[in-house]
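Accompanying notes for the structure given below.
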Amino acid sequence: QAKASGRNAFRFFTAQMNADVHERLAMQNHLRHAIQQGEFELHYQPQIDLVTGHVSGAEALLRWHSAVLGTVPPARFIPLAEESGLIIPIGEWVLREACRQAQQWREQGLGPMVMAVNVSALQFHRSDPVEMVGRILSETGLPAECLELELTESLLVQDGAGATLETLRRLKALGLRIAIDDFGTGYSSLAYLRRFPIDKLKIDRAFVRDIACDPEDAAIVNLIVDLGRILKLKTIAEGVEDPEQLAFLGARGCNEVQGYLFARPMPGADFAAYLDSALKARER
Ligand code: C2E
Ligand code: MG
Ligand code: MG
Ligand code: MG
């Protein structure tokens, strides 16, 4: 009896696994055509300077509206794009579109602001990011100081620190900024943080969520903000959803915040309207 049901359970899991593999392959196939089909869109989420209260930048976040699968969240398709190598052309599309958009807003007088773009490890290590970024900046006319690349901690420790350091230095030489995304969830060592030419630590949402009620999370956030101050790096907190979190971060001297409390990621047209009303409010 037990044996029979065990065997059935095994068969069930196998079928489920096959279905998962099949679904992933199907999704990868659709992903392969998504650029040509024009199925990608960038949404933008504001980043707010805590001292001035002004919009200091925007993070570009990729959205995929698949004709076949509907809207697929990045948490589902980005890992597939990484596994298949498709993240390289997709990442290039994202960077070009984000820079084009930022430059257009600047020309419309909606700046000054910095456009933050997520860069995956594979893009960083398997292609020539310095050549690509330099080419896109000159194509779009966006000044390098208006671009910030969000890299993950794990990216920094891959493929030998020497090559990574060299790439970071060449990127910095273009004049752009480097932020470490999801900071605190990976493996950065203090030595790396000191050695690498980094501008900003982006405190992961997981630590921000309970800062107002969990003393350990509060202590971790304090530590990251202090670390930023010691190493002369800016700090930004992601996932700020309520006024208590904001008050805590402000009191600690975190430099910037980003989260649903201010705005959700939104399409370009909505973001332009948001910037416009933020600028008008400033003038009043
Ligand atoms: P991330 O770079 O850490 O982006 C922040 C994520 O938090 C975004 O999710 C954003 O919508 C969400 N978020 C912002 N504020 C709040 C908040 O107050 N509360 C909560 N609960 N969430 C908030 P999204 O857009 O689903 O993106 C998820 C992840 O997918 C990103 O995390 C990033 O790792 C990846 N991703 C998105 N776009 C790109 C891209 O163009 N290239 C690459 N390589 N990765 C991307
Ligand atoms: Mg990010
Ligand atoms: Mg993040
Ligand atoms: Mg995150």
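The values are calculated or read from the model by the stated rules, or taken from the named source; none is laboratory data. Being a predicted model, the structure only gives us computed values, none of them experimental. Glycine gets a Cβ as well: all are built from the backbone with ideal geometry, and neighbour counts include every protein chain shown.
Yes/no per residue for (1) within 16 Å of ligand 2 (Cβ to nearest atom); (2) farther than 21 Å from P46 by Cα; (3) not aliphatic (A, V, I, L, M):
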| site | (1), (2), (3) |
| --- | --- |
| R96 | no, no, yes |
| R100 | no, no, yes |
| Q103 | no, no, yes |
| R106 | no, no, yes |
| R135 | no, yes, yes |
| L151 | yes, no, no |
| S154 | yes, yes, yes |
| G162 | no, yes, yes |
| L168 | no, yes, no |
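Can you find a residue that is part of a loop (DSSP other than H, G, I, E, B) and away from ligand 4 (no atom under 16 Å from the Cβ) anywhere in the range 264-283? Working first, answer last.
Residues of the range 264-283 part of a loop (DSSP other than H, G, I, E, B): 264-265.
Imposing the further condition that a residue be away from ligand 4 (no atom under 16 Å from the Cβ) reduces the set to none.
Within the range 264-283 (the criterion being part of a loop (DSSP other than H, G, I, E, B) and away from ligand 4 (no atom under 16 Å from the Cβ)), the answer is no, since none of the residues qualifies.
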- line: When the range 52-82 is checked residue by residue, the ones that are of a type outside the set (V, I, T), outside any strand (DSSP E or B), more than 13 Å from ligand 1 (Cβ to nearest atom) and without any contact (Cβ under 8 Å) to a residue 40 or more places away in the chain are G53, A67
statement: Counting only helices (runs of 4 or more DSSP H) wholly inside the range 141-260, the ones holding at least 1 residues that are surrounded by 21 or more Cβ atoms within 10 Å (Cβ to Cβ) are 153-157, 161-174, 205-208, 215-231, 243-252
task: Can you give me the number of residues within the range 146-164 that are under 20 Å from the mean Cα position of the chain (by Cα) and away from ligand 1 (no atom under 16 Å from the Cβ)?
output: 3
field: Candidate set from the range 253-270 (those that are in contact with a Leu (Cβ under 7 Å, 6 or more places away or on another chain), within 17 Å of R209 (Cα to Cα) and in contact (Cβ under 8 Å) with a residue 24 or more places away in the chain); member that is farthest from ligand 1 (Cβ to nearest atom)
entry: C254
- prompt: Checking T140 against (1) modelled with pLDDT of 95 or more; (2) touching an Asp or Glu at 6+ places or on another chain (Cβ under 7 Å); (3) not acidic (D, E), which test does it fail?
  reply: (2)
Residue list for the range 57-81, restricted to those being away from ligand 3 (no atom under 16 Å from the Cβ) and over 16 Å from Q37 (Cβ atoms): R76, L80
- prompt: Is the range 75-86 home to any residue that is touching a helix residue (DSSP H, G or I) at 6+ places or on another chain (Cβ under 6 Å) and exposed (fewer than 14 other Cβ atoms within 10 Å of the Cβ)?
  reply: no
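For the range 134-164, what are the residues that are aliphatic (A, V, I, L, M) and closer than 15 Å to D199 by Cβ?
The first filter runs over the range 134-164 and keeps only residues aliphatic (A, V, I, L, M), leaving 136-137, 142, 144, 147, 149, 151, 155-157, 161, 163.
Answer for the range 134-164, where residues must be aliphatic (A, V, I, L, M) and closer than 15 Å to D199 by Cβ: A144, L147, L149, L151, L156.
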- request: Name every residue in the range 271-284 that is among the acidic types (D, E) and exposed (fewer than 14 other Cβ atoms within 10 Å of the Cβ), in order of residue number.
  value: E283
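Basic (K, R), farther than 30 Å from G109 by Cβ and either assigned to a helix (DSSP H, G or I) or at pLDDT 95 or above (or both): does that describe R11? Don't jump to the end; show me each part of the working.
Details: basic (K, R): yes; farther than 30 Å from G109 by Cβ: yes; either assigned to a helix (DSSP H, G or I) or at pLDDT 95 or above (or both): yes.
The answer is yes for R11.
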